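S.K.: One structure is given below, represented as structure tokens, and several questions about it will come after.
We did not get these values from a lab; they are worked out from the coordinates using the rules stated. What you are looking at is a predicted structure, and each value in this text was computed from that prediction instead of being measured. Methodologically, a virtual Cβ is constructed for each residue, glycine included, from the backbone with ideal geometry; neighbour enumeration extends over all protein chains shown.
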Amino acid sequence: MLTEEQLREIEAVERAATTGPWMLSGHELYYGKDCFSFHQQIYYQPNAAFIAGARTWVPQLLAMVRELQQLIAGFQRDRGHAWMEIEDLRKKASHG
């Protein structure tokens, strides 16, 4: 799982880069209504840092999302089992 420090670093780099969404068409990178040459603007330091970091961060963030999804599924399963147990106890209490 990513640490708070790592998440803050990713957020800082993301905020410094040109706003998105970005779309690539050939050698042109589009953002919003504007377009810039990929080769010219890739070297704009905040964009370059964002692109370079994405190669490491995206897999980490995907792994974190998958881990959180599994935790949520486990909580939902546990909650379902707990409700079944509560219902069983209510039935026993009303018959006993």
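S.K.: How much length, in nm to one decimal, is gained on full extension between Glu14 and Gln45, taken as 0.36 nm per residue of separation minus their Cα-Cα distance?
M.R.: Working: separation 31, 0.36 × 31 = 11.16 nm, distance 1.19 nm.
Gain on extension, Glu14 to Gln45, equals 10.0 nm.
S.K.: Now a separate question. Kindly state, to the nearest 0.05, the FRET efficiency for Tyr30 paired with Gln69, given R0 = 35 Å and r defined as their beta-carbon distance. Mind dumping the intermediate values first?
M.R.: Numbers: r = 32 Å, r/R0 = 0.90.
The formula returns an efficiency of 0.65 here.
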